[in-house]
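Undergrad: Take a look at the following structure, please.
The values are calculated or read from the model by the stated rules, or taken from the named source; none is laboratory data. Treat the numbers as computed from the prediction; the structure is a model and nothing was measured. Positions of Cβ are backbone-derived with ideal geometry, glycine not excepted, and every protein chain shown enters the neighbour counts.
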Amino acid sequence: MADFETPTLKPYPVIPAIEIGSMAHSQPFVAKEDHQQKLGFPGELVDDWENVAVKKLGELVDKSRALRVFLDSCVKCGACTDKCHYYLGTSDPKNMPVARQDLLRSVYRRYYTLAGKYFPSLVGARDMDKSVLDEWYSYFHQCSQCRRCSVYCPYGIDTAEVSMAAREIMDTVGVGQKYCNEIIGKAQTIGNNLGLPEPALADTLEGLEEDIEEETGVVVRMPLDEEGADILLVTPSADFFAEPHVDGLIGYAKVFHQAGLSWTLSSYASEAANFGMFIGSYDNMQKLALRIREAALELGVKRIVFGECGHAWRVAYNFLNTLAGPFDFLDPDYPVPQHICEVTYDLLQRGALKMDPSANDDMVVTFHDSCNIARGSRMGDFEGGQLVIPRAVIKASCNHFVDMPADAIGEGTFCCGGGGGLLTDDLVELRVKGALPRMEALHEVTEHHGVTHLAAICAICKSQFSKILPYYGFEMDQVVSIHQLVSNAIQLDGQQAQ
Amino acid sequence: MSLLTIAFTLLFYAATLILVAGLAYRIRLYARTPTPLRIPTTPAPTTTPGVVRRMFFEVTLFNSLFKSNKWIWLFGWIFHAALLFVLLRHLRYFTDPVWSWVELVQPLGKYAAFAMVAGLAGLWARRFLVDRVRYISSLSDHLMLALLIAIGLTGLGMQYVAATDIVAVKAFFLGLMYFDWQPMPADTMLNLHLLLVALLMIVFPFSKLLHAPGVFFSPTRNQADNPREKRHLPTQGASAAQATAQAAESR
């Protein structure tokens, strides 16, 4: 398959001994000139880049309390050292959150602290040079910004903030990552990460409508750009394209149909994911967020609902109101935005959906809490709803549900290994190794509880699992969308008996 | 006045000034740096009283650390709790008459010093014994522990090995406070203890000891999880002047 060894699944998790430099070779492809320039970044390494980088770092620290406090506060206690899935899967000590932060903190100390200016070797301060930049490029693209370290840090230091800052500095000096920057360019010009133009989108949706009618005998619509609809659905573009995502999209359509809700997709804002966050670029994130606002205004909708996605939901839930608000033109009776799971959950609570969970009796399901949903957002009106509501929707849709071990789910959930802008084939070794902790937890419930399927709620998780499950001896189609389970179980009025 | 007295008098004025001014500067900087986005680590409280509760347990019981690693929590918590008692006990050198509750914690403080040194020793041992922690430790991390342990040991030394003239020590510090300078006793253990304490006060605002004020400003811990209910403005937390400048820029 590839020139690396897939880690072996151990019966119980083991913290590996450090292997210095074991992932130093891992680097994603560098962005080409036009990918860079589209986002307002220089096309190649700029002259005097060392000073440009140091100056940018200073600006970022001045603009972000989080960054400033995080860079100052770490005491190197070691609490985070065994918490990152990339460390657990690769044994490379620079994948320990504190060591990853130190790649940037060492430069901050050198130029922005008294101790680092006068006693650099005492506090581990380093000059900004090419070897530092290379290390940054390698290891800040081995962080999926999953925030697991921030749960366990006594000061709440979130390495995601540090890696976003590092990526923005690298973009500023002209060394961007191809995967993220190319995708952001597509989303900003065409409207979605996959670069699907309106006709292709319309065609896909029409095809899906036919599929549903063929399967159920019921006409379920998938409206696109329909003015006057009540709900604008914004969903990751993978939902239009790949298994098992597309089965989730069918599920949303069935829920809206059965509940009698009027909805539409937008070809202009046909992407929920916001890769601007991955590269730490406020401006690019805001540009993408504003497309959603513009689409909502144009179509005259009353609500905005997001499809199954992880980082997208973090940006939507936490940042959308800041980046593109206020949303006072929408119906004040509903939160802005809402997650599709919240919509389905509310309908289930009100008894507005008829479900036949036995439709999923061929599966024993477990649920992978997506990192950015579990630790970077909420669902519902109570603390921790993001952990409760997806499970409630799954349990309403299937009879056999088992959770993975407690330290691998909930707020301590492990990233799938492909988040944060790393879901690219040039990082496949990292993705496979980073998935180890999740695969061990899955293996555990497979062995002891006969789990057959892994339900996911994020486009990146679904794509990542489809790709890496076979490396660990599972089947790629063992990953399912939550709304795929809903789709199987929901009883549409007038539906043919199967 | 002896040279020793002059040196220690000047040293403690300087150390106090650096500690207070340095911390005030840093805290002001934290308070005036904007928080562009909402980033609480969830599940997080949805209200301000909830945030206060979360922060209270974070700084008194080290909740997150407890979830993370029981050994670090044990050593770290013992050290900090013992340090608190030790500091309270030392109030007797700055108050006359000594406050009655300080008298009450006084005996506890004596034993707390042992716990403090034990906690520090545990933390230091981890820096040698655990390969991951050894990897991330720089020279300053070792020196900081050495400094704290040396302060603890010299303090214990005066308590249990070579008693010092505490009446004179108290007179010296009260003298500092009321600008009525008194002699510093020439006692090696005492002088070393005080020298190290002054050093600690001086490095505090320039070192990782900034985690003490820092934790209160950590957005992942001190923000309420209510972005849909309450719009977070990108300039939130910034000073008014900065906010205006940023608004002008973004137009």
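Undergrad: Within the range B:112-167, can you find the residues that are more than 26 Å from A:F119 (Cβ to Cβ) and touching a Ser or Thr at 6+ places or on another chain (Cβ under 7 Å)?
TA: Passing the criteria: only B:M158.
Undergrad: Just for the range A:317-329: of the residues that are touching a helix residue (DSSP H, G or I) at 6+ places or on another chain (Cβ under 8 Å) and in a helix (DSSP H, G or I), which one is surrounded by the fewest Cβ atoms within 10 Å (Cβ to Cβ)?
TA: Checked the range A:317-329; the qualifying residue surrounded by the fewest Cβ atoms within 10 Å (Cβ to Cβ) is A:A324.
Undergrad: Then there is this: Kindly provide the set of residues from the range A:250-283 that are over 17 Å from A:I212 (Cβ atoms) and in contact with an Asp or Glu (Cβ under 9 Å, 6 or more places away or on another chain), ordered by number. Please lay out each step first, then the result.
TA: Filtering the range A:250-283 for residues over 17 Å from A:I212 (Cβ atoms) gives A:262, A:266-283.
If the condition is that a residue be over 17 Å from A:I212 (Cβ atoms) and in contact with an Asp or Glu (Cβ under 9 Å, 6 or more places away or on another chain), then A:S262, A:S266, A:S267, A:Y268, A:A269, A:S270, A:A272, A:G276, A:I279, A:G280, A:S281, A:Y282 are the ones that fit.
Undergrad: So, of the residues in the range B:147-167 that are in contact with an Asp or Glu (Cβ under 9 Å, 6 or more places away or on another chain) and not β-branched (V, I, T), which turns out to be nearest to B:D96 (Cα to Cα)? Before you say what the answer is, go through the steps one by one.
TA: Narrowing the range B:147-167 to residues in contact with an Asp or Glu (Cβ under 9 Å, 6 or more places away or on another chain): B:158, B:162, B:164-165.
Applying the additional criterion that residues be not β-branched (V, I, T) yields B:158, B:162, B:165.
Values: B:M158: 21, B:A162: 25, B:D165: 17 Å.
Ranking the candidates gives B:D165 first.
Undergrad: Scan the range B:34-47 and give yes if some residue there is assigned to a helix (DSSP H, G or I) and over 25 Å from A:Q145 (Cβ atoms), otherwise no.
TA: no
Undergrad: Listed residues A:F414, A:F382; which is in a loop (DSSP other than H, G, I, E, B) and within 14 Å of chain B (Cβ to nearest Cβ)?
TA: Answer to the selection: A:F382.
Undergrad: I'd like to check which helices (runs of 4 or more DSSP H) are fully inside the range A:151-256 and have at least 1 residues that are within 14 Å of another protein chain (Cβ to nearest Cβ) and among the hydroxyl-bearing types (S, T, Y).
TA: So the answer is A:159-172.
Undergrad: Can you find even one residue in the range A:41-50 that is under 25 Å from the mean Cα position of the chain (by Cα) and under 18 Å from A:I157 (Cβ atoms)?
TA: Taking every residue of the range A:41-50 in turn, none turns out to be under 25 Å from the mean Cα position of the chain (by Cα) and under 18 Å from A:I157 (Cβ atoms).
Undergrad: Please identify the pairs in which a residue from the range A:212-228 that is farther than 23 Å from A:E294 by Cα has its Cβ atom under 6 Å from the Cβ atom of a residue that is among the polar types (S, T, N, Q), counting only partners at least 6 apart or on another chain.
TA: A:T216/A:Q495; A:G217/A:Q496; A:V218/A:Q495
Undergrad: Let me ask something else. Cβ-Cβ under 9 Å, sequence separation 6+ or interchain: first residue in the range B:159-184 and on the phi > 0 side of the Ramachandran plot, partner of a type in the set (A, V, I, L, M, F, W, C). Which pairs?
TA: Close Cβ pairs (under 9 Å, with a partner that is of a type in the set (A, V, I, L, M, F, W, C)) do not exist here.
Undergrad: Another question about this same structure. Just the residues that are free of Cβ contacts under 8 Å to residues at least 40 places away in the same chain, buried (at least 18 other Cβ atoms within 10 Å of the Cβ) and more than 7 Å from chain A (Cβ to nearest Cβ), please, taken from the range B:29-80.
TA: Listed by number, the residues that qualify are B:F66, B:W73.
Undergrad: Free of Cβ contacts under 8 Å to residues at least 24 places away in the same chain, among the hydrophobic types (A, V, I, L, M, F, W, C) and either outside any loop (DSSP other than H, G, I, E, B) or in contact with a helix residue (DSSP H, G or I) (Cβ under 8 Å, 6 or more places away or on another chain) (or both), is that true of A:V393?
TA: Details: free of Cβ contacts under 8 Å to residues at least 24 places away in the same chain: no; among the hydrophobic types (A, V, I, L, M, F, W, C): yes; either outside any loop (DSSP other than H, G, I, E, B) or in contact with a helix residue (DSSP H, G or I) (Cβ under 8 Å, 6 or more places away or on another chain) (or both): yes.
No; evaluated as a whole, the condition is false for this residue.
Undergrad: A further question on this structure: Does the range A:400-456 hold any residues that are at positive phi and under 18 Å from the mean Cα position of the chain (by Cα), and which are they?
TA: Those that are at positive phi and under 18 Å from the mean Cα position of the chain (by Cα): A:G410, A:G417, A:G420, A:G421.
Undergrad: If you scan the range A:464-486, which residues turn out to be surrounded by fewer than 22 Cβ atoms within 10 Å (Cβ to Cβ) and either in contact (Cβ under 8 Å) with a residue 40 or more places away in the chain or within 18 Å of A:K10 (Cα to Cα) (or both)?
TA: Within the range A:464-486, A:S466, A:K467, A:L469, A:P470, A:Y471, A:Y472, A:G473, A:F474, A:D477 meet the criteria.
Undergrad: Can you find even one residue in the range B:82-92 that is closer than 29 Å to A:Q101 by Cα and part of a helix (DSSP H, G or I)?
TA: Yes, there is a match, as at least one residue in the range B:82-92 is closer than 29 Å to A:Q101 by Cα and part of a helix (DSSP H, G or I).
Undergrad: I'd like the residue in the range B:179-205 that is within 14 Å of another protein chain (Cβ to nearest Cβ) and surrounded by 18 or more Cβ atoms within 10 Å (Cβ to Cβ) and, out of all such residues, is nearest to the chain's Cα centre (by Cα).
TA: Checked the range B:179-205; the qualifying residue nearest to the chain's Cα centre (by Cα) is B:F204.
Undergrad: Among the listed residues A:P332, A:P337, which satisfies the condition of being buried (at least 21 other Cβ atoms within 10 Å of the Cβ) and either in contact with a Phe, Trp or Tyr (Cβ under 9 Å, 6 or more places away or on another chain) or over 30 Å from A:C415 (Cβ atoms) (or both)?
TA: On inspection, the qualifying residue turns out to be A:P337.
Undergrad: Going through the range A:148-186 one residue at a time, which ones are touching a residue at least 24 places away in the same chain (Cβ under 8 Å) and on the phi > 0 side of the Ramachandran plot?
TA: A:G174
Undergrad: Follow-up question, since we're still on this one. Which is part of a helix (DSSP H, G or I), within 14 Å of another protein chain (Cβ to nearest Cβ) and out of contact with any Gly (no Cβ under 8 Å at 6 or more places or on another chain), of B:L108, B:L148, B:L153?
TA: B:L148
Undergrad: Turning to a different aspect of this structure: Out of the residues in the range A:303-316 that are assigned to a helix (DSSP H, G or I) and in contact with a Phe, Trp or Tyr (Cβ under 8 Å, 6 or more places away or on another chain), state the one that is nearest to the other protein chains (Cβ to nearest Cβ).
TA: Of everything passing the filter in the range A:303-316, A:A316 is nearest to the other protein chains (Cβ to nearest Cβ).
So that you can scan it fast, the table gives a plain yes or no per residue for (1) out of contact with any Lys or Arg (no Cβ under 8 Å at 6 or more places or on another chain); (2) of a type in the set (V, I, T); (3) at pLDDT 95 or above:
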position: A:C309; (1), (2), (3): yes, no, no
position: A:F327; (1), (2), (3): no, no, yes
position: A:H339; (1), (2), (3): yes, no, yes
position: A:V365; (1), (2), (3): yes, yes, yes
position: A:D407; (1), (2), (3): yes, no, no
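Undergrad: Further, regarding this structure: Could you grab me the full set of residues in the range B:128-144 that are more than 8 Å from chain A (Cβ to nearest Cβ) and surrounded by fewer than 18 Cβ atoms within 10 Å (Cβ to Cβ)?
TA: First, the residues of the range B:128-144 that are more than 8 Å from chain A (Cβ to nearest Cβ): B:128-129, B:134, B:142, B:144.
B:F128, B:L129, B:R134, B:H142, listed by residue number.
Undergrad: In the range A:424-456, which residues are in a helix (DSSP H, G or I), closer than 13 Å to A:T366 by Cβ and of a type in the set (A, V, I, L, M)?
TA: A:M439, A:A441, A:L442, A:V445 - these are the residues of the range A:424-456 that are in a helix (DSSP H, G or I), closer than 13 Å to A:T366 by Cβ and of a type in the set (A, V, I, L, M).
Undergrad: Pairs, please: C-beta under 9 Å, at least 6 apart or cross-chain, first residue over 20 Å from A:M379 (Cβ atoms) and in the range A:342-359, second of a type in the set (S, T, N, Q) and assigned to a loop (DSSP other than H, G, I, E, B)?
TA: That search, which allows pairs on different chains as well, returns A:K354/A:Q491; A:D356/A:Q491; A:P357/A:N399; A:S358/A:N399; A:A359/A:Q491; A:A359/A:Q498.
Undergrad: Can you name the residue in the range B:85-104 that is without any contact (Cβ under 8 Å) to a residue 40 or more places away in the chain and under 19 Å from the mean Cα position of the chain (by Cα) and is also surrounded by the fewest Cβ atoms within 10 Å (Cβ to Cβ) among such residues? Don't jump to the end; show me each part of the working.
TA: Initial filter on the range B:85-104 (without any contact (Cβ under 8 Å) to a residue 40 or more places away in the chain): B:85, B:87-91, B:95, B:97-104.
When the remaining residues are screened for being under 19 Å from the mean Cα position of the chain (by Cα), the result is B:85, B:87-91.
Values: B:F85: 20, B:L87: 11, B:L88: 18, B:R89: 20, B:H90: 15, B:L91: 16.
Here the residue is B:L87.
Undergrad: A further question on this structure: Looking at A:L422, is it away from chain B (no Cβ under 14 Å) and crowded, with 24+ Cβ neighbours inside 10 Å?
TA: So A:L422 fits the description; yes.
Undergrad: Additional query: With respect to B:M158, is the statement that it is in a helix (DSSP H, G or I), out of contact with any Phe, Trp or Tyr (no Cβ under 7 Å at 6 or more places or on another chain), within 10 Å of chain A (Cβ to nearest Cβ) and surrounded by 16 or more Cβ atoms within 10 Å (Cβ to Cβ) true?
TA: Answer is no for this residue.
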